[in-house]
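Let me begin by presenting the structure, written as structure tokens, before commenting on it.
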Amino acid sequence: MSFVTFVSGRYLRTRQKRAFISLITVLSIAGVSVGVMALIVVIAVMAGFENDLKSRIMGIRPHLVLTKKQGDFSDYQQVLAKMKPIGEIETASAFITTQVVLRTTTRAAGAVLKGVDAVQGKSGIASVDTSRLLTYADAKAAPGGNDQLPGIILGKELAASLGVIRGDTVYMISPRGMLSPVGHIPAMIKFEVADLFESGMYEFDGTLAFVDLNQAQKILRMPDSVSGIEIRLQDMDQVKAVTNDIEQALAGDYAIENWKQMNRNLFSALRLEKTVMFIILALIVLVAAFNIAGSLVMMVMEKRKDIAILKAMGATARSIGRIFVIKGLMIGLVGTVLGTSAGLVLCSLLKRYSFIHLPADVYYINTLPVNMKISDVLLIALCALVICFAATLYPARQAAGIDPVEAIRHG
């Protein structure tokens, strides 16, 4: 053990003549511990919220959307064939989207209609099983099945606002109607509710409705064209690489938008909120660092004669300063270790037992999601140690600058 470490340890372990300094040291350790624990728990919960929200959004929305910049997208079959060799693509299918009005005998509601390729089942949508639409398409095509109504899948909240359940009928009013002697007449088509879905996001459950792609093409009078192609990847983080591969495979005038661009505002707000919470809670550690600085300053004043004797015995100003830096870092390290341990334990308990419950009618989840990342924990611990180190610099400089002759003379 070096001379500097030995003296720092002695100053930290021995009982001070003034109990007030020891009390400040204990409070400093407690402050660092509480700050680090609060940071770990809050950041883990916010990361859990972000992951949960991302999984719910990506359950409805695709990872990539390919559209045509100009003109009708009528060559989508050739485009799908060109993208098929790209290995990272899990599924790719055409879709049509438009706004419609759904009506029953007593109620009406606006909806976003999406025509999907039901042959591929969960083509571009992970949380909605569109394969149930195949039953209605097959019944329509079967001999004697011409009276079978086309199927539609509604969000749970949209179905509740219309007052329908599975098997009921709804009328769809499309803006793409027909011209008549009295002017433009919106088209009205009757559908049977094939299924209901629940994504956990009111934005989707209260507005989305799915029909078969062929049916959507008939409604919108687009027999040979679609709105675009939605793509799901095996790894959603590989969007840039896959986008480059698609651009190389296609030479036409196409636009590609990934999930990060489609949800830019939401995820930017979540990152900003996470950063602000980190800064706010780091102030707890900063307050504890002021306590560390205060305790070291008072110790320097109390140990002036000891410092002078050490200097007279040959200790350099640099080694004297390192004594107080190491003591402050010991306080910060103890507080950081205790706070990190408490934070990890609390996060594990929250994740395992879910003893904090949220009202399900207000939030889309009923318990706090927790996602502990090693990188976040290490960053928090490092920031706490850096703050504690910065708090030791001024007291260490004051101790290093003590004149041994004047200190011994004036006691």
Options Thr207, Gly31, Ile165, ranked by Cα towards positive dipole end of the chain, top entry (Cβ charges)
Gly31
From the phi angles alone, apply the Karplus equation (6.51, -1.76, 1.60; θ = phi - 60°) to the stretch 210-227 and give each ³J(HN,Hα) in whole Hz, x where the residue is Gly or Pro.
10, 9, 5, 4, 4, 5, 5, 5, 5, 4, 8, 6, 10, x, 10, 9, 9, 7
Calc'd 3J(HN,Hα), the stretch 36-45, phi into Karplus 6.51 cos²θ - 1.76 cosθ + 1.60 (θ = phi - 60°), Hz, glycine/Pro = x, comes to 5, 4, 4, 4, 5, 5, 5, 5, 5, 5
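May I ask for the net charge around Gly87, where only other residues with Cβ less than 12 Å from the Cβ of Gly87 are counted and Lys, Arg are +1 while Asp, Glu are -1? Before the final figure, lay out each step's value.
Values: positive: Lys84; negative: Glu88, Glu90, Asp235, Asp245.
Within the 12 Å Cβ shell, the charges total -3.
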Rg in Å to one decimal, and Dmax rounded to a whole Å, for the chain via C-alpha atoms
33.1, 114
I'd like the accessible area for Val287: 1.4 Å probe, protein heavy atoms, all chains in place, Å² to the nearest 10.
90 Å²
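Per residue, how much accessible area does the stretch 262-378 show when a 1.4 Å probe rolls over the protein heavy atoms, in square angstrom? Before the final figure, lay out the partial values.
Numbers: 6630 Å² over 117 residues.
That works out to 57 Å² for each residue.
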Just from its helices, what would the mean residue ellipticity at 222 nm be for the chain, if runs of 4 or more DSSP H residues each count -39500 (n - 2.57) and the sum is divided by every residue, rounded to the nearest 500 deg cm²/dmol?
-18000 deg cm²/dmol
Please list, in chain and number order, the residues 5+ apart from Ala187 or on another chain whose amide H is under 5 Å from its amide H, with Hs placed from the backbone.
Ser174, Arg176, Gly177, Met178
Any residue on another chain or 5+ positions along whose placed amide H is under 5 Å from the amide H of Leu233 is listed here as His63, Glu90
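Quick one: with all protein chains in place, what share of the accessible area of the chain is carbon or sulfur, to the nearest percent (1.4 Å probe)?
On the way: 12650 of 21560 Å².
The value for the chain is 59 percent carbon and sulfur by accessible area.
Sort 46-59, 304-317 for me by packing, meaning the mean count of neighbouring Cβ atoms within 10 Å per residue, highest on top. Please list the in-between numbers first.
Details: 46-59: 17.6, 304-317: 15.9.
Answer by packing, highest mean first, reads 46-59, 304-317.
Relative to the Cα centre, what is the charge dipole magnitude of the chain, using +1 at the beta carbon of each Lys and Arg, -1 at the beta carbon of each Asp and Glu, and rounding to the nearest 20 debye? If you can, show how the numbers build up before the last one.
Details: 42 positive and 33 negative charges, 506 e Å.
It works out to roughly 2440 debye.
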Would you kindly find the accessible area of Met188, with a 1.4 Å probe and non-protein molecules such as ligands, DNA and RNA excluded, rounding to the nearest 10 Å²?
100 Å²
Taking θ as phi - 60°, what are the ³J(HN,Hα) couplings along the stretch 282-293 by the Karplus curve (6.51, -1.76, 1.60), each to the nearest whole Hz, with x for Gly and Pro?
5, 5, 4, 5, 5, 4, 4, 5, 5, 5, 4, 4
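The values are calculated or read from the model by the stated rules, or taken from the named source; none is laboratory data. Computed from a predicted structure; not experimentally measured. Using ideal geometry, Cβ is built from the backbone for each residue, glycine included, and neighbour counts are taken over all protein chains shown. The protein model used for the area step is the full one, side chains on, heavy atoms only, and it has no ligands, DNA or RNA in it. Shrake-Rupley method; radii C 1.70, N 1.55, O 1.52, S 1.80 Å.
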